[in-house]
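What follows is a single structure, written as structure tokens, with notes after it.
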Amino acid sequence: MRARLLLSILCLGSAVALAETPAETGSTGSPSRSQMQEQGLERQLPGQQLRKLDIDGQSYLGLFMPGARPEPFGGVVLIADRNEHADWPQLIGPARRQLAEAGWHTLAIALPESLPAVPVTEDSSAADPVIDGNAEEDTDSQATESGVPAARQRINAAGLILDAEGAEGLILVGRGEGAYWALEAAIQAEDKPVALILFDARSPASAEQSLQTLLSQWAEPVYEVFSEQSDVATQRALNHRLQSRRLGQADYQQLILPQADFSELGQQMLIKRLEGWLQRLPRDQRNP
């Protein structure tokens, strides 16, 4: 009887240990969503397109394509929207290829992941916030230990890569929240980009300044594209246009699309219009 009891205790202890082991090993080393996206792109795309952005001891993926001419017109950094990867099929991926074919060095990047916002409820003061263990930390939160937004750090690192590749004159193209951070990084940069293209620009929830406030601080060429069909987008376009007139920002231009068309042909036509706008920039701005 005593032997059977001892055997039961040993078996129960082994079962508990086996149940705990996966939880312990599984709690660490799980790749985040953006890391899995980067790994997928690294498997799918040619190695010569892959570039590493080294920031605070960590590396992030950028996708490079050289301009199809002896000397590129300039360098274009494309910044995807929140939760999108650097080869996103809407605007970012097609534009990085099509602009490279037209003679521009291109480098596409993703925005950093940030910890999810915790909604404020009546019971929130009594409850501990729940944090996603798969969310990237430190440099992938909205601000790094140095106080510089992680998004701005990535954009700056991308610009350095294009400069090392021989591109003179930097253009920033952003989509959604990527457009907001392109504008923010351009304003803060010591060496200013020569022009910006903002596609359906949107302020992140953590933004300290509104998109309209940032636009008032940018006096260089900017092409703002609106494809969203909503009263909010229509009013935003009007506000930005009227502000540019009040401030005498002659280099501010808008493109309002009658509807969003993300078909292959629709994107080709849109990117052709963006390319045409870039080509109309004075040569000393495209390649200072």
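From the list 280, 273, 246, pick out the single residue that is under 16 Å from residue 90 (Cα atoms) and charged (D, E, K, R).
Values: 280 fails: under 16 Å from residue 90 (Cα atoms); 246 fails: under 16 Å from residue 90 (Cα atoms).
Exactly one residue qualifies, and that residue is 273.
Yes or no, residue by residue, for (1) under 30 Å from residue 264 (Cα atoms); (2) part of a helix (DSSP H, G or I); (3) of a type outside the set (Asp, Glu); (4) at pLDDT 50 or above:
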site: 77; (1), (2), (3), (4): yes, no, yes, yes
site: 112; (1), (2), (3), (4): yes, no, yes, yes
site: 129; (1), (2), (3), (4): no, no, yes, no
site: 155; (1), (2), (3), (4): yes, yes, yes, yes
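Determine which single condition residue 254 fails, assuming it passes every other condition in (1) surrounded by 16 or more Cβ atoms within 10 Å (Cβ to Cβ); (2) in a strand (DSSP E or B).
(1)
Pick from 178, 174: which is touching a residue at least 60 places away in the same chain (Cβ under 8 Å), under 20 Å from residue 267 (Cα atoms) and out of contact with any helix residue (DSSP H, G or I) (no Cβ under 7 Å at 6 or more places or on another chain)? Give the steps one after another, and end with the answer.
Numbers: 174 fails: out of contact with any helix residue (DSSP H, G or I) (no Cβ under 7 Å at 6 or more places or on another chain).
Answer to the check: 178.
Among the residues in region 186-200, are any closer than 16 Å to residue 80 by Cβ and of a type in the set (Val, Ile, Thr)?
Going through region 186-200, the residues closer than 16 Å to residue 80 by Cβ turn out to be 196-200.
Narrowing further to those that are of a type in the set (Val, Ile, Thr): 197.
Yes, region 186-200 has at least one match.
Specify the residue that is surrounded by the most Cβ atoms within 10 Å (Cβ to Cβ); the eligible residues are those in region 187-200 that are assigned to a loop (DSSP other than H, G, I, E, B) and at negative phi. Spell out the reasoning first.
Of region 187-200, the ones assigned to a loop (DSSP other than H, G, I, E, B) are 189-194, 200.
Then drop every residue that is not at negative phi, which leaves 189-194.
Values: 189: 15, 190: 5, 191: 10, 192: 15, 193: 26, 194: 23.
Ranking the candidates gives 193 first.
Could you grab me the full set of residues in region 30-59 that are part of a strand (DSSP E or B), of a type outside the set (S, T, N, Q) and more than 20 Å from residue 105 (Cα to Cα)?
Taking region 30-59 and keeping what is part of a strand (DSSP E or B), we get 50-55, 58-59.
Applying the additional criterion that residues be of a type outside the set (S, T, N, Q) yields 50-55.
Listed by number, the list holds a single entry, 55.
Please verify whether residue 134 is modelled with pLDDT under 50, surrounded by fewer than 17 Cβ atoms within 10 Å (Cβ to Cβ) and farther than 26 Å from residue 190 by Cα, treating the condition exactly as stated.
Numbers: modelled with pLDDT under 50: yes; surrounded by fewer than 17 Cβ atoms within 10 Å (Cβ to Cβ): yes; farther than 26 Å from residue 190 by Cα: yes.
So residue 134 passes the test.
Check region 201-215 and report whether any residue there is crowded, with 23+ Cβ neighbours inside 10 Å, acidic (Asp, Glu) and either out of contact with any His (no Cβ under 8 Å at 6 or more places or on another chain) or in contact (Cβ under 8 Å) with a residue 40 or more places away in the chain (or both).
no
Cβ-Cβ below 7 Å, separation at least six or inter-chain, first residue in region 138-162 and farther than 15 Å from residue 178 by Cα, second among the hydroxyl-bearing types (Ser, Thr, Tyr) and modelled with pLDDT under 50: which pairs?
No pair meets every condition.
The values are calculated or read from the model by the stated rules, or taken from the named source; none is laboratory data. Predicted model, so just to flag it, every value in this text is computed and none were measured. Every residue, glycine as well, gets a Cβ built from its backbone with ideal geometry; the counts of neighbours run over all protein chains shown.
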